[in-house]
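This is the structure I have questions about; it appears just below.
The values are calculated or read from the model by the stated rules, or taken from the named source; none is laboratory data. Note that the structure is predicted; figures quoted are calculated from it, not measured. Please note: Cβ atoms are built from the backbone with ideal geometry, for glycine as well, and neighbour counts cover all protein chains shown.
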Amino acid sequence: MRILPGVLKELLKHVPTVLFEAVEWSVLASELPKLSRRIIQKEGFSELFDLQKAYLSPFQIHLVSEMSNHTIPQNNKQAAEKILTLYFAQLFSPHGLFLDLGPSHLEMNASGLNFSPSGLWTKFSPQFSDGITDIYDGFYLEDENLFHQGLIKSGLSSNEWSQSDRDELAQLFKSHFGASVTSEMTFDLETFKKSFFKVADFLLKKKVNISTDFLYLGISLVTMYSSLEKTQASVDVKKIYLEVKAAKDVSLP
């Protein structure tokens with residue numbers, strides 16, 4: 001943690017440290033110079049900003065360079081829905097994703113959600129991206145086989161494990177999602193962190209060498225939760241996910 005860029009160090013305070021133990025050091029070390037260039041020198045920022053701005057516009061999410069009030073209204077379901085839309089839409093984006101979805105980068109107004117991203121961005125590997133999509137599809141479409149397939153494809157589970165171990169990890173992930181498949185959900189960062197820790201601890205015990213993609217996904221989730229917590233709203237997460245998925249299927253080849 002001592003050698004990480006300051007901005008990233010702040011974000012990772014909320015990500016379980018066991019994740020760092022589960023990422024191969026050589027892989028993490030090779031990522032640090034790249035992250036530093038992106039955060040400090042804004043490497044690749046302009047290109048992704050322009051592509052993502054056009055991609056997110058149909059969702060009433062507007063990428064901006066500056067914001068006027070940095071306000072996320074409390075007890076505002078529409079704001080929470082737009083934050084979730086931003087998170088899910090970026091998962092489907094073919095261009096990459098900006099990782100920091102924290103409150104200082106968001107504001108809600110009459111035209112939608114303004115998002116002023118930092119230089120912290122990534123592009124998931126195709127296999128990890130497909131795996132995460134399968135996990136969400138499997139969960140919200142209640143397709144057990146697809147859910148397990150997603151865990152394996154993303155490198156978080158293995159066909160070589162016993163069925164009980166595969167089931168245990170699947171249950172940890174389902175608990176992590178909460179009751180969002182059957183009811184509206186409110187968001188609490190501390191609850192999320194405890195749930196995420198249980199997943200990370202299990203992966204460490206199983207000696208899973210997770211990819212940096214999963215670490216970056218954790219950053220995106222933690223920062224999203226910190227913003228959603230501020231809205232204090234209950235949201236139909238399944239509905240938002242399926243709406244974004246349907247819009248993606250229409251707009252992307």
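Within the set of pairs 6+ apart or on separate chains, which have a first residue in the stretch 40-53 that is free of Cβ contacts under 8 Å to residues at least 40 places away in the same chain, a second that is surrounded by 12 or more Cβ atoms within 10 Å (Cβ to Cβ), and C-beta atoms under 7 Å apart?
Within 7 Å, the pairs are 53/63.
If you don't mind, there's one more thing I want to ask. Quick check on my filter: what residues within the stretch 185-217 are of a type in the set (Ser, Thr, Tyr) and either buried (at least 19 other Cβ atoms within 10 Å of the Cβ) or farther than 18 Å from residue 157 by Cβ (or both)?
Result: 186, 191, 211, 212, 216.
Checking the conditions here, which among 53, 42 is more than 17 Å from the chain's Cα centre (by Cα), modelled with pLDDT of 95 or more and under 17 Å from residue 121 (Cα atoms)?
It is 53.
List the residue pairs whose Cβ atoms are under 7 Å apart, where the first residue sits in the stretch 218-230 and is under 22 Å from residue 156 (Cα atoms), the second is surrounded by fewer than 24 Cβ atoms within 10 Å (Cβ to Cβ) and hydroxyl-bearing (Ser, Thr, Tyr), and the two are 6 or more positions apart or on different chains.
220/87; 224/87
Also, I was wondering about something else. Among the residues of the stretch 108-129, which ones are out of contact with any helix residue (DSSP H, G or I) (no Cβ under 7 Å at 6 or more places or on another chain) and closer than 17 Å to residue 42 by Cα?
Selection gives 123 alone.
I would also like to ask the following. From the list 230, 248, which one is closer than 22 Å to residue 103 by Cα and out of contact with any strand residue (DSSP E or B) (no Cβ under 6 Å at 6 or more places or on another chain)?
Working: 248 fails: closer than 22 Å to residue 103 by Cα.
Among 230, 248, only 230 is closer than 22 Å to residue 103 by Cα and out of contact with any strand residue (DSSP E or B) (no Cβ under 6 Å at 6 or more places or on another chain).
Among the residues of the stretch 201-218, which ones are closer than 21 Å to residue 34 by Cβ and either within 18 Å of the chain's Cα centre (by Cα) or aliphatic (A, V, I, L, M) (or both)?
210, 211, 212, 213, 214, 215, 216, 217, 218
May I pose another question? I'm trying to understand the selection: among the residues of the stretch 219-234, which are aliphatic (A, V, I, L, M), more than 12 Å from the chain's Cα centre (by Cα) and within 15 Å of residue 190 (Cβ to Cβ)?
We begin by selecting, within the stretch 219-234, every residue aliphatic (A, V, I, L, M); these are 219, 221-222, 224, 228, 233.
After this cut, where a residue has to be more than 12 Å from the chain's Cα centre (by Cα) as well, the list is 228, 233.
Result: 228, single match.
Quick check on this structure: which one of 227, 158 is assigned to a loop (DSSP other than H, G, I, E, B), at pLDDT 90 or above and among the hydroxyl-bearing types (Ser, Thr, Tyr)?
Among 227, 158, only 158 is assigned to a loop (DSSP other than H, G, I, E, B), at pLDDT 90 or above and among the hydroxyl-bearing types (Ser, Thr, Tyr).
Can you find a residue that is assigned to a loop (DSSP other than H, G, I, E, B), over 19 Å from the mean Cα position of the chain (by Cα) and of a type in the set (Gly, Ala, Ser) anywhere in the stretch 119-131?
Scanning the stretch 119-131 turns up no residue that is assigned to a loop (DSSP other than H, G, I, E, B), over 19 Å from the mean Cα position of the chain (by Cα) and of a type in the set (Gly, Ala, Ser).
Which of (1) at pLDDT below 85; (2) touching a strand residue (DSSP E or B) at 6+ places or on another chain (Cβ under 8 Å); (3) surrounded by 14 or more Cβ atoms within 10 Å (Cβ to Cβ); (4) not charged (D, E, K, R) is the odd one out, the single condition residue 69 does not satisfy?
(3)
Here's something else I'd like to know. Which is over 23 Å from residue 125 (Cα atoms), surrounded by fewer than 19 Cβ atoms within 10 Å (Cβ to Cβ) and β-branched (Val, Ile, Thr), of 231, 182?
One residue alone meets the criteria, 182.
Within the stretch 210-219, does at least one residue satisfy the condition of being aromatic (Phe, Trp, Tyr) and out of contact with any Phe, Trp or Tyr (no Cβ under 7 Å at 6 or more places or on another chain)?
So far as the stretch 210-219 goes, yes, one or more of its residues are aromatic (Phe, Trp, Tyr) and out of contact with any Phe, Trp or Tyr (no Cβ under 7 Å at 6 or more places or on another chain).
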